[in-house]
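Values quoted throughout were computed directly from the atomic coordinates according to the rules given, and no laboratory measurement underlies them. Keep in mind that this is a model prediction, so the values were computed, not measured. Glycine gets a Cβ as well: all are built from the backbone with ideal geometry, and neighbour counts include every protein chain shown.
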């Protein structure tokens, strides 16, 4: 056997060992998953009352996706009395007309919705 044949054989054996170790690890992970899937992690603490959460939605030239943003914000699965949705608006041309629509629509799904528009335009990088 030549030197190149020996090197190819060593390379082949090393690659087969790596694949064997990888496969053994995958089977180990599968075994551990099936062994422990019935055991669930217990929560660290149980809330007696849900915490108040504020979701801030920055809107800067988002006239094309603002409808989907509103639908996603209204679809949050959280107690409505503990959730506040804020729309952070810039002073673009379309915002004065859109501001009332945002608050009206958000008021349908969340009574705590509000709109916070800065007095000066925000310089976004």
Quick check on packing: order 5-11, 56-62 by the mean number of other C-beta atoms within 10 Å, highest mean leading. 56-62, 5-11
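Quickly rank 14-26, 39-51, 75-87 as a protection proxy: mean count of other C-beta atoms within 10 Å, highest first. Before the final figure, lay out the partial values.
Values: 14-26: 10.0, 39-51: 6.5, 75-87: 14.5.
Listed from highest to lowest mean packing, they are 75-87, 14-26, 39-51.
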